Amino acid sequence: MNYEIQFARVTNFGKLSERFLSCQHLKSEDLTKSSMGEIFSLMEILSPWYNSAQIGQLILNNFANNYWQGGSTSDLVNFENALKKVNENLAQITQNGETDWIGNLGGILATIVGDNILLSSTGKAEVYLFRTGKINHLTAGLADKIEVHPLKTFSNIISGQLKPHDKILIANKSLFEELNLESLHQIINLNSPSVAALQITKILRKSKVKNVNLIIINLFSKDESAGAVIKDNLENVFYLDKSTESVFGKVKSFWQMVITPVGKILGSIFKNVLNKIKSRRGRTKIQEKPKTDVFQKEFMTEDSRDDQLLKDEEIKYSPDLYVHYYQEKKLKKESKFAKILQVLKNSLMRAFKWLLALYPDPRRRKYFYLILALVLILIIGLVVVIRGHGKKGLGNLEAQKILNESIASQKEAKNFLIAGSSEKAKEKFLESIEKAQSSSGNALVAKDAEAVVATSFQELDKLTSTTRFSKLDPALTIAESGKGIFIVSGEAFIVTESDIYKANILSGKPQKVASIPKNKGNFVAGVNLGNLLYLYTSDQNLFEFDPSSGKVEPAQIAADGRWETANALSGYVSTLYLLDGVVGQIYKHSSNKDIFDKGEEYTASKNSLKNSLSLTIDGSIYVLKNDGQAVKFQRSKLQDFSLKNIPTPWDKITEPRKIFTDSNTPSLYVLDAGQKRILEFDKEGVFVHQYAFPASFNKISDFTVSIKSKKIWLLNDKSLYEITI
């Protein structure tokens, strides 16, 4: 049996600033390869840098080229070989110093050949199969089984046979943060891919969501009858950042919905009035004898049914007769309503007759145009208002109901507090916040909802040892996004991908003072060691920046040494430590007369360092991993250590970014960019306090702490913020 594929994509026309995100569909241009099926892909790299976009596209191109060139008669073998080539290529990229994508990549590579599907996933990307009302999560648990290593990026394969009318959803994780799975199931199951994609696009646009990509696929057999497959005239790609309908399309739609109906009404009335005017001027109206309808005479007979002979049973079980009987009786009940309509119609006719009478008189014709324009404006205004009301979210009654439920949850939480049940109180305060926020879009209850949210957060923060900042003003702002922040003698140095900005924290007027040499890679990580800043780049180069002179020079290393691949950097006394979180090793470079020695492997415990993101040193070395936990080393030996006692309901670090301490700081600080907070722990890993930042802080990249000044400096996008602790 031959099969065809319907599909639709939801994506972005432009680029996203904080990530690379793309979903694509490919067919071989070589017709001899058509039997190898079609390729679908989704790639997401949570990194705003340009190289990530190159890597994302390179993965797809590499896979497609190798798959089409596969010489095996087995589609599975060709698929496996293409994945192997992709992994080898990613390993080579890592060796060249491009490591920012590691741990930040989520992707799906899939082929559909006839009714067979082959797919491989990595990271946080999901595939669901909807079949006969059931939901199958094809990629469930696969992300947890993949080791974060370039050669094992795409290391699992799912294969199976599809059935006609199976629907497949390929999407990144962000989709399920906006729409629950059941809602998606209903939308996709009840519509063609294009219609379903259009509905989802409208929902996401309404919430101003752009960080979602998805593909909807529908399989059907060519042998199905023409009526079995619903064809639509919609496109198969929809952009979240671009209107689906062109300007011409919107004008056309408005003309069809508003101008045309109004024109027909006015034309009908105008025609009737003219006919009456002509009749009054003495023109004889010719009365024609009705013609006999030949069709009616030959095929139609009089209705001989007698409604009085119908019994109740006949009415109940004879729907056609019942409808006919009901319509005849209904006319009598509607006579009063018909009279009212007739009065309104006559009044309207008289009004238009008067209006048209203005036109023949040149002195009064201007009033005709003026009144006609006002009527059209009124009609258009009413249409806009009605459509605007239809776009609103919650109605007043529904919003008030949800707000009342929120207030009730808040009261329950306070009762649990009195009873000494803090965990249940937390749950109810969180429930109160969520409900109040969902109703805050309604203008009638917005202020009350904000007050409920503020009160619930205030109580919840007491239970979770949280200092919350609902609003922060930047201490200074630069022209581009920053990646690293260093505070030296009261001056802030912000490092972007390639430039270094300097500003006095009090004056807030930054200036670019230096740049990383061109073609030497982008800034990855840095450390303040002694009187110099050491800046490591993606091309495995290390530069030293002198804040006093503004000079940037290569850091000197012994002739037989080189700088290893690293994704984090730290220092202690006169020694640099480079962390390779993929291989799982720390490299130690001691210095001797301004020259660093060849790197030494710090520990034999490589497995404990894999999937690591950041390290910091106070004599002991603390390493932050991508699961939000941390490990501790003393003299190269792994210690019994963990981060613990983070209070619920936010007891998981969702997006760890950096760990910080030094020999003068009694606490450990961890940046959780996913939940927009910095957590404080003691040196044994026990939770102490946390600092929560505004919801708008979506691009937190770095922070540093000064216990002497009792300050935290936080870098979010282009701005530096100062917080007193």
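The values are calculated or read from the model by the stated rules, or taken from the named source; none is laboratory data. For clarity, every value in this text was computed on a predicted model and none was experimentally measured. Note: ideal-geometry Cβ built from the backbone for every residue, glycine included; neighbour counts use all protein chains shown.
The residue of the stretch 464-484 that is surrounded by the most Cβ atoms within 10 Å (Cβ to Cβ), among those that are basic (K, R) and outside any strand (DSSP E or B), is K483.
In the set S28, S34, S17, which member is in a loop (DSSP other than H, G, I, E, B), surrounded by fewer than 22 Cβ atoms within 10 Å (Cβ to Cβ), in the same structural domain as N78 (by TED's automatic domain parsing) and modelled with pLDDT of 85 or more? Steps first, answer last, please.
Working: S34 fails: in a loop (DSSP other than H, G, I, E, B); S17 fails: modelled with pLDDT of 85 or more.
After applying the criteria, what remains is S28.
May I ask you to list the residues in the stretch 54-75 that are assigned to a loop (DSSP other than H, G, I, E, B) and surrounded by fewer than 16 Cβ atoms within 10 Å (Cβ to Cβ)?
From the stretch 54-75, those assigned to a loop (DSSP other than H, G, I, E, B) are 69-74; that's our starting set.
Within the stretch 54-75, Q69, G71, S72, T73, S74 qualify.
Just one residue in the set S74, S47, S155, S121 is farther than 30 Å from R657 by Cβ, of a type in the set (S, T, N, Q) and outside the structural domain of F523 (by TED's automatic domain parsing); that residue is S74.
Tell me, which helices (runs of 4 or more DSSP H) lie completely within the stretch 137-204 with 1 or more residues that are within 22 Å of H25 (Cα to Cα) and under 19 Å from the mean Cα position of the chain (by Cα)?
Working: elements: 142-145, 175-178, 181-190.
The helices (runs of 4 or more DSSP H) meeting that bar are 175-178, 181-190.
R562 satisfies every condition listed in (1) among the basic types (K, R); (2) modelled with pLDDT of 95 or more; (3) part of a loop (DSSP other than H, G, I, E, B) except (2).
Among the candidates F40, F7, F63, F79, which residue alone is in contact with a His (Cβ under 6 Å, 6 or more places away or on another chain), closer than 18 Å to I112 by Cβ and modelled with pLDDT of 90 or more? Break it down into steps so the answer makes sense when it comes.
Values: F7 fails: in contact with a His (Cβ under 6 Å, 6 or more places away or on another chain); F63 fails: in contact with a His (Cβ under 6 Å, 6 or more places away or on another chain); F79 fails: in contact with a His (Cβ under 6 Å, 6 or more places away or on another chain).
That would be F40, the only listed residue that is in contact with a His (Cβ under 6 Å, 6 or more places away or on another chain), closer than 18 Å to I112 by Cβ and modelled with pLDDT of 90 or more.
You will find that of I653, I707, I723, the residue that is of a type in the set (A, V, I, L, M) and more than 30 Å from the chain's Cα centre (by Cα) is I707 and no other. Do you know which residues across the stretch 524-561 are surrounded by 13 or more Cβ atoms within 10 Å (Cβ to Cβ) and of a type in the set (G, A, S)? If the condition is that a residue be surrounded by 13 or more Cβ atoms within 10 Å (Cβ to Cβ) and of a type in the set (G, A, S), then A525, G526, S538, A555, A558, G561 are the ones that fit. Taking the criterion of being assigned to a loop (DSSP other than H, G, I, E, B) and under 29 Å from K428 (Cα atoms), the residues of the stretch 643-671 that qualify are L643, N645, I646, P647, T648, P649, W650, D651, K652, I653, T654, E655.
Got a sec? Which strands (runs of 3 or more DSSP E) wholly within the stretch 583-639 have at least 3 residues that are of a type in the set (A, V, I, L, M) and without any contact (Cβ under 8 Å) to a residue 60 or more places away in the chain? Before you say what the answer is, go through the steps one by one.
On the way: elements: 585-589, 612-617, 621-625, 630-634.
The qualifying strands (runs of 3 or more DSSP E) are 621-625.
Within the stretch 648-666, restricting attention to residues that are in contact (Cβ under 8 Å) with a residue 40 or more places away in the chain and in contact with a strand residue (DSSP E or B) (Cβ under 7 Å, 6 or more places away or on another chain), the residue that is surrounded by the fewest Cβ atoms within 10 Å (Cβ to Cβ) is T665. Taking helices (runs of 4 or more DSSP H) as the structural unit, those lying wholly within the stretch 313-428 and holding at least 2 residues that are at pLDDT 75 or above correspond to 335-358, 365-391, 396-418.
Considering the stretch 103-126, the residues that are closer than 19 Å to S174 by Cα and outside any strand (DSSP E or B) include one that is nearest to the chain's Cα centre (by Cα), namely K124.
When each of K145, K163 is tested for being outside the structural domain of S612 (by TED's automatic domain parsing), modelled with pLDDT under 90, on the phi < 0 side of the Ramachandran plot and touching a Leu at 6+ places or on another chain (Cβ under 8 Å), the lone residue that passes is K163.
For S574, indicate whether it is surrounded by fewer than 20 Cβ atoms within 10 Å (Cβ to Cβ) and modelled with pLDDT of 95 or more.
On the way: surrounded by fewer than 20 Cβ atoms within 10 Å (Cβ to Cβ): yes; modelled with pLDDT of 95 or more: no.
So S574 does not fit the description; no.
Evaluate the following for L129: is it farther than 20 Å from L46 by Cβ, assigned to a strand (DSSP E or B), touching a helix residue (DSSP H, G or I) at 6+ places or on another chain (Cβ under 9 Å) and of a type in the set (A, V, I, L, M, F, W, C)? The answer is no for L129. Residue selection: S438 satisfies the criterion of being over 15 Å from L460 (Cα atoms), surrounded by 14 or more Cβ atoms within 10 Å (Cβ to Cβ) and polar (S, T, N, Q).
Have a look at S207, S194, S174 and point out the one that is farther than 21 Å from F130 by Cα and small (G, A, S).
Values: S194 fails: farther than 21 Å from F130 by Cα; S174 fails: farther than 21 Å from F130 by Cα.
Criteria check complete, one pass: S207.
Give the residues of the stretch 544-559 that are part of a loop (DSSP other than H, G, I, E, B), aliphatic (A, V, I, L, M) and within 20 Å of N531 (Cα to Cα), sorted by residue number.
Going through the stretch 544-559, the residues part of a loop (DSSP other than H, G, I, E, B) turn out to be 547-550, 555-556, 558-559.
With the extra rule that they be aliphatic (A, V, I, L, M), the set shrinks to 555, 558-559.
Correct list: A555 only.
For every residue, the table says whether it meets (1) surrounded by fewer than 17 Cβ atoms within 10 Å (Cβ to Cβ); (2) touching a Pro at 6+ places or on another chain (Cβ under 9 Å).
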{"site": "V77", "(1), (2)": "yes, no"}
{"site": "K84", "(1), (2)": "yes, no"}
{"site": "T94", "(1), (2)": "no, yes"}
{"site": "I108", "(1), (2)": "no, no"}
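Condition check ((1) touching a strand residue (DSSP E or B) at 6+ places or on another chain (Cβ under 6 Å); (2) loosely packed, with under 15 Cβ neighbours inside 10 Å; (3) in contact (Cβ under 8 Å) with a residue 12 or more places away in the chain; (4) of a type outside the set (D, E)) across all residues:
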| residue | (1), (2), (3), (4) |
| --- | --- |
| L444 | no, no, yes, yes |
| K447 | no, yes, no, yes |
| K462 | no, yes, no, yes |
| A492 | yes, no, yes, yes |
| S498 | yes, no, yes, yes |
| V513 | yes, no, yes, yes |
